[in-house]
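Quick notes on the structure that follows.
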Amino acid sequence: LIALLTVAIAAVVIIALFLGHRMMRGLADVGSVSVCWQLIGRGRYGTVFRGCLHERCVAVKLFSSANRQNYVNERSIYSLPLLQQHDNIAHFLSADERKTADGRPEFLIVMDFYPHGCLSRYLSVHTVDWSTCCRMNHGVTRGLAFLHTELNRGDQYKPAVAHRDVTSRNILVRADLSCVLADFGLSMRLTGSRPCCPVDNDTMAISEVGTVRYMAPEVLGGALNLRDCEAALKQVDVYALGLLYWETFRRCSELFPGEAVPEYQLAFQAELGNHPSFEEMQILVAREKFRPRFPEAWKENSLVLRSLKETMEDCWDQDAEARLTAQCAEERLCELALLSTHTAIQNHSTQSQVYTLQYTT
Ligand code: ADP
Ligand code: MG
Ligand code: MG
């Protein structure tokens, strides 16, 4: 047993040293980034390591040559004017290409390091109070609303952009628990010189991307309205935003007074487990129009719970055109944050007087 353990430890050390050496050598190109071999995340397209740039902690996302397109796309989105000035968009530092030891190209993106990692990881180990929960969701929504907006400021032009992969793994959490939108590998410009304008061959590429779990019913059902691509792709993002709200508010301690907060779950995890297939999602979400269930504790119709459930339902509406815009969702989150859960959840008698919020879509 001891011999086996020794071999295992030696193997881990050798692999670590190898990875560390490989990263250090290649990263000389990116100024003075030094990268420890500590893996901090792995997605479908990239592997993310922690590094140091001018004594500042950074994250380095490494793409293999097979994922070049994803890298080129992510880099081009991060380079759009005005994007980096927004507080709820992940902070990009630089990008580079290099060769691996065996001569194949690989690509890297250097960005700020977010110590809590992605939102889904944070929520799986922490519960959050009401104001933090509102602030997290408001930040994400504000980031998405900004991304969706076409802007002209002086001589700078920022096209409207669809994210196309909104999930709790693509939101990063700062030390102060504010959140940023990240992972723009699948994002698409919707306006400007290269707006999306699908021809037959592109239709699949335009409609069927993203993470299956978060795919909107019209994407799953192959009924995305490509005649108004700009609106359709924004609506797809907002659908996923609704699922994200559900995942986050289910971990809000104040929404479960006097009982244990339920364990963290991804949307549809209870129904379809950890690896739902496209077909399973298609049946559940597109055909049966199923949406995540609200917990028992949310049955009560207090002002807060009513507004919260309504906001989620207005984001994940089966009818894409009936969904909120990201801008409206942002307003709703602002209003929610102003409501105190204590009075609103526990004091029914005041609800009819307080319920004067008028929502616009
Ligand atoms: P992919 O495009 O392959 O999905 P992501 O950009 O989503 O790659 O990164 C994968 C994971 O790595 C994220 O879900 C997150 O957990 C982690 N991660 C990515 N960027 C950072 C960062 N800047 N700071 C901390 N963790 C990060
Ligand atoms: Mg990702
Ligand atoms: Mg990605």
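The values are calculated or read from the model by the stated rules, or taken from the named source; none is laboratory data. From a predicted model like this one, the values you see are computed outputs, not experimental measurements. Every residue, glycine as well, gets a Cβ built from its backbone with ideal geometry; the counts of neighbours run over all protein chains shown. With ligands, DNA and RNA removed, areas are computed over all heavy atoms of the protein, side chains included. Shrake-Rupley method; radii C 1.70, N 1.55, O 1.52, S 1.80 Å.
What the table shows:
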| item | result |
| --- | --- |
| Whole-number percent relative contact order across the chain, with pairs defined as alpha carbons under 8 Å at least 6 apart | 14 percent |
| With every protein chain in place, the chain: carbon and sulfur % of accessible area (1.4 Å) | 54 percent |
| On Cα atoms only, tilt of 229-249 relative to the major axis of the chain in degrees | 80 degrees |
| Theoretical ellipticity at 222 nm over the chain - DSSP helices of four or more residues, -39500 (n - 2.57) apiece, nearest 500 | -11500 deg cm²/dmol |
| C-alpha long axis of helix 326-338 to longest principal axis of the chain, angle in ° | 70 degrees |
| Cα long-axis angle, helix 130-148 against the chain (0 to 90 degrees, to the nearest 10) | 70 degrees |
| Residue with peak Gaussian network fluctuation, the chain [Cα springs, cutoff 10 Å], from Ser120, Ser193, Ser277 | Ser193 |
| Most to least packed among 1-13, 261-273 [average Cβ atoms within 10 Å] | 261-273, 1-13 |
| Total charge dipole magnitude, the chain, about the Cα centre, Cβ charges on Lys, Arg, Asp, Glu only, Debye to nearest 20 | 960 debye |
| Å² of accessible area per residue within the stretch 56-108, as computed with a 1.4 Å probe and no ligands counted | 43 Å² |
| The chain: Lys pairs at Cα distance under 24 angstrom, eight or more positions apart or on different chains | 7 |
| Neighbour-limited loop hits for trypsin sites (Lys or Arg not before Pro), the stretch 239-343 (at most 11 other Cβ within 10 Å; DSSP other than H, G, I, E, B) | Lys289, Arg293, Lys299 |
